[in-house]
Structure formats: C-alpha cells, structure tokens
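To start, the structure itself, in structure tokens.
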Amino acid sequence: MIKQLAHICVHTRNLEKTLNFYCQTLGLEKAFTFDRKGEMIGCYIQFGNTTFIEVFTNKNPTDMAGNIKHFALEVTDMDAVIKALHDGGYDVAEKKVGTDGCWQSWVTDPNGVLIELHEYTEKSCQITGEPCVVDW
C-alpha cells in the first residue's frame, strides 16, 4: 500500500538561506514553487524520483517547533558531501560507521532540522537484513 516517502515539510523563517543550503550547497534541485500574489512563499526540493522536501516560509516564531527529530539523506559519496557542506560554511560531523554498518555524518539545516547523511556499505543491515545490535 505504501510506495515510498513522498515528502517532509519544513517551515523556515528564511527561504533564501534554506534554498541555498539544499540547492547550492547540497546540489539538489528546486522542483516547483508556491507563489502568493507574485511572491514565492515555498517550494518543493527534489531528492530523486518523486521524493521531496516541501519548504514554506513561516515568520511566526511561536509556530516553528517541529516534530521532526531528523531525516536521513542517502548519499553516494560521503566525503564529497561533507566537503561541500564545509565549503558552504556549515558545521558537519566527521563520518563514522553507525551500528547499522552504514557510514553516517550529521548536519543541521538553517531551520534547526537535524539531517543524517547516510551511505550504505556491503555490511549495512539495510543491505544484509541482519539484526542491528545496539548498546544504547
């Protein structure tokens, strides 16, 4: 019944800064915009096929608390993504192998949304189907 994640929605106080983070720094593409009275108030950012981040301007500071703990972006070259983030002026954690056998690193977008960068390996539980034994 469920095919894949369609989109997540992020509210932002600064749409330009958010678009710079996702499109210029991470190299993703804006799929389309939401316009009101000739002004862009939001957009869809394409993550591949039909998976998107939906971003809307929200200047109400009491309405910014999100329920997203984090989301993970599958990457194919962790080192290149980390370099792009560093070059863009963002603090990004060093990569490490997680308990699931995947390379991971962490960065926070301009809106405070935590993003896990996630690169599968041949030992990743997502590939092998083996249990992920944790100690936390």
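Some notes on this structure:
- Proximal lysines to Lys30, defined as alpha-carbon separation beneath 19 angstrom and excluding residues fewer than eight positions away on the same chain: Lys17
- Summed residue charge, Cβ within 15 Å of Lys96's Cβ, Lys/Arg positive, Asp/Glu negative: -4
- Per-residue [θ]222 nm for the chain (sum of -39500 (n - 2.57) over DSSP H runs n ≥ 4, rounded to 500): -3500 deg cm²/dmol
- Note on Lys37: lysines with a C-alpha under 20 Å away, same-chain residues under 8 apart excluded, are Lys59.
- Crossing angle, helix 78-87 versus the chain [Cα axis fit, 0-90 degrees, rounded to tens]: 40 degrees
- Sequence-distant lysines (8 or more away, or on other chains) whose Cα lies within less than 21 Å of Lys96: Lys69, Lys83, Lys123
- DSSP beta bridges in the chain [antiparallel fraction, %, rounded to 5]: 65 percent
- Taking packing as the residue-averaged number of other Cβ atoms within 10 angstrom, the listed peptides 122-134, 83-95 run from highest to lowest as 83-95, 122-134.
- In this structure the amide hydrogen of Leu73, modeled in the peptide plane, comes within under 5 Å of the amide hydrogens of Glu116, Leu117, His118, none closer than 5 places in sequence on its chain.
- Each residue of the stretch 106-118 was assigned a 3J(HN,Hα) from its phi angle through the Karplus curve 6.51 cos²θ - 1.76 cosθ + 1.60 (θ = phi - 60°); the sequence is 9, 8, 10, 6, x, 9, x, 7, 7, 10, 8, 8, 9 Hz, with glycine and proline shown as x.
- Rounded to the nearest whole Hz, the Karplus-based 3J(HN,Hα) values (6.51 cos²θ - 1.76 cosθ + 1.60, θ = phi - 60°) of the stretch 88-100 follow the sequence x, x, 9, 7, 9, 6, 5, 6, 8, 8, x, 5, 8, with x at glycine and proline.
- When you restrict to C-alpha pairs under 8 Å that are six or more residues apart and normalise by the size of the chain, the relative contact order lands at 21 percent.
- Residues whose placed amide H lies under 5 Å from that of Leu26, excluding near-sequence neighbours: none
Readers should treat all values here as calculations from the given coordinates under stated rules, not as data from a laboratory. Here the structure is a predicted model, which is why all the values come from computation and not from measurement. Methodologically, a virtual Cβ is constructed for each residue, glycine included, from the backbone with ideal geometry; neighbour enumeration extends over all protein chains shown.
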